[in-house]
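Structure record follows, encoded as structure tokens.
Every number here is computed from the coordinates shown, using simple stated rules; none is lab data. Just so you know, these numbers come straight off a predicted model, no measurement behind them.
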Amino acid sequence: MTQEKLSLEWQTLQNQFDSYEKYSLMIKLSAVLLTAIALLTQLPTLIAMALIGVLWLQDGIWKTFQGRFEQRLLAIEAEIRALGATTDCQFNSAYLAQANSGGALIAEYVKQSLRPTVMYPYVALEALIIVAALLIG
């Protein structure tokens, strides 16, 4: 594959990678809004924590998929550096070749959910719900 084609694929994937970051932020903002609603309506603590937990795990799943873009982007960058590689755009093939299933996929989701950039708002929101429950009830 030519450097021009590799560059075109890289640009396309990089745009997608960046858009996933925006949606991850939307999930986080939804969790903040949900926390505010839960506190204002005095939603039961366990229900509020469970709902925030679902958003946290969804963010981890989202970041897992974004990570697959990253893996391909890194491979393309290596090919561009080498300038001798002759492979076509293989994003989907590369994804299918390394796609996890079952327990390995769940472990990958949990791993992504525990990254500091994913978990930071959720830990604070869960703590806020607990503190509010202790003060109110």
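Looking only at Ile52, Ile37, Ile76, which one moves most when the chain is put into a Gaussian network model with springs between Cα atoms under 10 Å?
Ile37
Cα-based count: Lys pairs in the chain below 20 Å, eight or more positions apart or different chains?
4
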